[in-house]
């Protein structure tokens, strides 16, 4: 499948944004129903965000987006809302690893915060790292992730990628046991 | 072309002559994966869920897998007892024999003490803080920023990684006796910031490192993931060989970087310039000299966790607290990092010194970091050796956690305020 996304930008300003703090995370939060976790989506950034967030929106972040330790509530929330794509000036290592595991599509585009405002309609190409701001009629380009990660994202994330890789090896794949992702 | 320590270990584990940063390789000869559990989260169930998602019923090499049981120690509820029992049972069903849940201590150190992780080896853990074992010259990976998911190590017994570049941090000279790895890391981290090391590992070197206590080398390597790195490493040298011989009666290899090895970046520090540092909340990458926090009143002190509780930390604490009394408004908790350290500290009389000063000595455990034991109430201010200071980490979101070294914590426990231990020892605050 192609890795192009079109949607409304949810812009999170600032560098080193910690996802736990943005979500008002607490120990035990992951055991709440997904719908309830979604109501806390980036609520500490602005209480407006969980109200406006909708399917196919695109999250736009700053440098070192997802800095520090982040638990899984963020990923549960975006899945519930129907958000798949994240564009940032740069992604923290943990955000990138978790994002690719939780079937999100990520790309780094330096300068993105100056190029996009909250509510803009944008189009993101993960493979070319090009972002079109349809509202403002501008284009900005970043640096795509290595081919290996693009391949993994295209497969549907780390676990799907491994499932397909293992399925190709008859001696290890257990079809009956495989519950898929 | 010279190779760094990490490049040598990666090459060997991947069956290659040499590797370069940015290259993708498959590590086939690895220890792990290593996982653990905490309240409400089972490490074995996590392995089961991930492995079923990728379509394998059991580990490719169960003899390489390790289940640490360093949380829930001791268990604080019937549920926790049952959880630990369930993990043990499931590990047995999975054919995993290396299960360390009998109070041995914090897994990152225990895995070294048991001889599972050795100098020159590559290992996989799902916890970035496992880079702790980089201190003995072992290469940690969790897949890395640009590599695979750790479950590949379980499902296939191998893992795909992108060879990281190495950032060299060279420290030369002699540290003041109250300055430890935590002070060094806080300063380096504050200088470099949390996005300094994407896709890279740290290599600490220099005469200061050559002379550094082995456990302090481990602590120095343990928290580098917060700078966005894939891991950290220190050479295995004659000091490493001596430590393994003295403590474990084992002979280990020397692994050092070649003189002409290539580094992505090099930072140099003079040991004498390091002062006692404190990391202040809510972020991990903000630290200042301890002397700037002299007006911060504290209510709890923690010596312990995988960033502390080492023999060196306990010796320093005891030397400052000997004959002194801990402030009446402070809970001072001591959790040696492993049973081995607990026993040695006891043999040296350190635990009696600390207890006489008013310290509360508890078992080696991760739970002290997570607030499962001695949690913080609203308004509490903790001065701790723990790894994370994010609000809510150890209890209330309205409590503050400051991170510091053993010496700073000991001096502060006496005065009741965050105190630079050198200033304290010179008779003023």
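All of the numbers you see were taken from the coordinates with simple rules; none came from a lab. Remember, it's a predicted structure, so these values are computed and weren't measured experimentally. Methodologically, a virtual Cβ is constructed for each residue, glycine included, from the backbone with ideal geometry; neighbour enumeration extends over all protein chains shown.
How shielded is B:349-362 by partner chains, expressed as the average number of their Cβ atoms within 10 Å of its Cβ atoms? List each step's numbers first, then the result.
On the way: counts 0, 0, 0, 0, 0, 0, 0, 0, 0, 0, 0, 0, 0, 0.
If you average over the peptide's residues, the count of other-chain Cβ atoms is 0.
Calculate the length of the line joining the C-alpha centroid of region A:1-76 to that of region B:53-121, in whole Å.
If we compute the Cα centre of each part, the gap is 33 Å.
With an 8 Å Cα cut-off and a minimum separation of 6 or more residues, compute the relative contact order for chain A in percent. Display every interim value, and only then the final one.
Details: 372 pairs, mean separation 39.8, N = 181.
Relative contact order comes out at 22 percent.
Note the angle between two axes, namely the Cα long axis of helix B:78-93 and the longest principal axis of the Cα atoms of chain B, as a number of degrees from 0 to 90, rounded to the nearest 10.
Taking Cα atoms only, the helix is inclined about 20 degrees.
What angle do you read, to the nearest 10 degrees and between 0 and 90, between the alpha-carbon axis of helix B:311-321 and the longest principal axis of chain B?
The two axes meet at around 0 degrees.
Stokes-Einstein at 4 °C, 1.567 mPa s, Kirkwood radius from Cα pairs: D for region B:332-376 in µm² s⁻¹? Can you show the working numbers first?
Details: Rh = 10.9 Å.
Stokes-Einstein gives a translational diffusion coefficient of 119 µm²/s.
Fewest first, what order do B:330, B:361 take by the number of other Cβ atoms within 10 Å?
Details: B:330 23, B:361 20.
Going from sparsest to densest Cβ surroundings: B:361, B:330.
Strictly greater than 18 Å: what percent of every Cα pair in region B:282-335 meets that? Each step should come with its number before you reach the end.
Working: 699 of 1431 pairs.
Roughly 49 percent, once rounded to a whole number.
Region B:204-329: Rg/Rh from Cα coordinates, Kirkwood Rh?
Values: Rg = 17.7 Å, Rh = 17.7 Å.
Reported Rg/Rh (Cα atoms, Kirkwood Rh): 1.00.
What area, in nm² and to one decimal, does the C-alpha convex hull of region A:1-78 cast on average over all directions? Kindly include the intermediate steps, with their values, before the conclusion.
On the way: hull surface 22.6 nm².
Over every viewing direction, the Cα hull of region A:1-78 projects on average to 5.6 nm².
List, largest first, the extents of the alpha carbons of region B:1-134 along their principal axes, each in whole Å.
Each principal axis gives a Cα extent; for region B:1-134 these are 58, 32, 22 Å.
With n ≥ 4 as the cut-off for DSSP H runs, can you work out [θ] at 222 nm for chain B, using -39500 (n - 2.57) per run divided by the number of residues, rounded to the nearest 500?
On the way: 15 runs with 134 residues, N = 429.
Computed ellipticity for chain B at 222 nm equals -9000 deg cm²/dmol.
Extending each Cα 7 Å along its Cβ direction at residue B:191 and residue B:415, get the distance between those two points in nm, one decimal.
Distance between label points: 2.5 nm.
Output the relative contact order of region B:98-173, whole-number percent, from Cα pairs under 8 angstrom with separation of 6+ residues. Don't skip to the answer; put the middle values down first.
Working: 80 pairs, mean separation 14.9, N = 76.
Relative contact order of region B:98-173: 20 percent.
Based on Cα positions only, what radius of gyration and what Dmax would you give for region B:192-241, in angstroms?
Spelled out, the Cα radius of gyration and Dmax of region B:192-241 are 11.5, 34 Å.
Would you mind checking the tilt of helix B:406-415 against the longest principal axis of the Cα atoms of chain B, expressed as 0 to 90 degrees and rounded to 10?
Helix B:406-415 sits at roughly 20 degrees to that axis.
Tally the DSSP beta bridges in the protein assembly as shown and give the antiparallel ones as a percent, rounded to 5. Working shown, then result.
On the way: 26 of 81 bridges.
So the antiparallel bridges in the protein assembly as shown amount to around 30 percent.
Over 5 Å intervals from 0, what percent of Cα-Cα pairs in region B:109-169 sits in each interval?
4, 18, 27, 27, 17, 6, 1, 0
Considering all projection directions equally, how large on average is the shadow of the alpha-carbon convex hull of chain B, in square nanometres?
Its average projected convex-hull area is 19.1 nm².
If you count, for every residue in A:16-26, the Cβ atoms of partner chains within 10 Å of its Cβ, what is the mean?
Mean shielding count: 3.
Please compute the contact order of region B:45-149 in relative form: average sequence separation of alpha-carbon pairs under 8 Å and at least six residues apart, divided by the residue count, as a percent. It would help to have the intermediate numbers written out before the result.
Numbers: 113 pairs, mean separation 21.9, N = 105.
Result for region B:45-149 is 21 percent.
Looking at the square roots a ≥ b ≥ c of the eigenvalues of the Cα gyration tensor of chain A, which shape do they give, rounded for a/c under 1.5, prolate if a/b is larger than b/c, or oblate? Could the numbers behind the result be given before it?
Details: a/c = 1.93, a/b = 1.26, b/c = 1.53.
Oblate, because a/c is 1.5 or more while a/b does not exceed b/c.
Specify the residue with the greatest mean-square fluctuation among A:145, A:74, A:65, computed from a Gaussian network of chain A linking alpha-carbon atoms under 10 Å apart.
The residue with the greatest mean-square fluctuation here is A:145.
In square nanometres, what is one fourth of the surface area of the convex hull spanned by the alpha carbons of region B:261-350?
On the way: hull surface 37.1 nm².
Mean shadow area of the hull around the Cα atoms is 9.3 nm².
To the nearest 0.05, how large is the calculated FRET efficiency for residue A:51 and residue B:360 if R₀ is 51 Å and r is the Cβ-Cβ distance? Can you show the working numbers first?
Numbers: r = 47 Å, r/R0 = 0.92.
Taking R0 as 51 Å, the efficiency between residue A:51 and residue B:360 is 0.60.
Under 15 Å from a label point 7 Å along Cα→Cβ of residue B:288: give me every residue in region B:185-215 with its amide N that close.
B:187, B:190-191
Hey, if you drop one equal point scatterer on each alpha-carbon of the protein assembly as shown and run the Debye formula without solvent, what base-10 log of I(q)/I(0) do you get at q = 0.07, 0.09, 0.10 Å⁻¹?
One equal scatterer on each Cα of the protein assembly as shown leads to -0.41, -0.70, -0.88.
Which order do peptides A:100-106, B:103-109 fall in by mean Cβ count within 10 Å, highest first? Could the numbers behind the result be given before it?
On the way: A:100-106: 20.6, B:103-109: 25.6.
Averaged packing, sorted descending, gives the order B:103-109, A:100-106.
Taking the convex hull of the alpha carbon atoms in region B:48-119, what volume per residue do you get, in Å³? Before the final figure, lay out the partial values.
Values: hull volume 7.2 nm³, N = 72.
Each residue corresponds to 100 Å³ of Cα convex hull volume.
Please compute the length gained on full extension between residue B:247 and residue B:272, using 0.36 nm multiplied by the number of residues separating them and subtracting their Cα-Cα distance.
6.0 nm
If every alpha-carbon in region B:36-77 counts as one equal scatterer, what log10 I(q)/I(0) does Debye give at q = 0.20, 0.29, 0.34 1/Å?
Ignoring solvent entirely, the Cα scatterers give -0.69, -1.03, -1.18.
Among B:100, B:154, which comes first, second and so on when ranked by fewest other beta-carbon atoms within 10 Å? Before the final figure, lay out the partial values.
Numbers: B:100 22, B:154 29.
Ranking B:100, B:154 by Cβ neighbours within 10 Å, fewest first, gives B:100, B:154.
Just grab the label-to-label distance for residue B:398 and residue B:29, each label 7 Å out from Cα along the Cβ direction, in nm (one decimal).
5.8 nm
Throw me the Rg/Rh for region B:134-236, computed over C-alpha atoms with Kirkwood Rh, two decimals.
Numbers: Rg = 14.4 Å, Rh = 14.2 Å.
Rg/Rh for region B:134-236 comes to 1.01.
Provide, in order from the shortest bin, the percent of all Cα-Cα pairs of region B:9-74 in each 10 Å bin, continuing until the bin that contains the maximum pair distance.
All Cα pairs, binned at 10 Å, distribute as 18, 35, 30, 15, 2 percent.
Residues of region A:138-163 with amide nitrogen under 17 Å from the 7 Å Cα-to-Cβ point of residue A:123?
A:138-142
Which distance in Å, rounded to a whole number, links the C-alpha centroids of region B:299-326 and region B:158-188?
Each part's Cα centre sits 22 Å from the other's.
Could you tell me, in Å, what Rg and Dmax come out for the Cα atoms of region B:301-421?
Taking only Cα atoms of region B:301-421, I get Rg and Dmax of 13.0, 39 Å.
Can you put A:67, A:85 in order of Cβ neighbours within 10 angstrom, beginning with the fewest?
A:85, A:67
How crowded by other chains is A:154-163, given as the mean number of beta carbons from other chains within 10 Å of each beta carbon?
Values: counts 0, 0, 0, 2, 10, 11, 2, 5, 13, 6.
Averaged over the peptide's residues, the number is 5.
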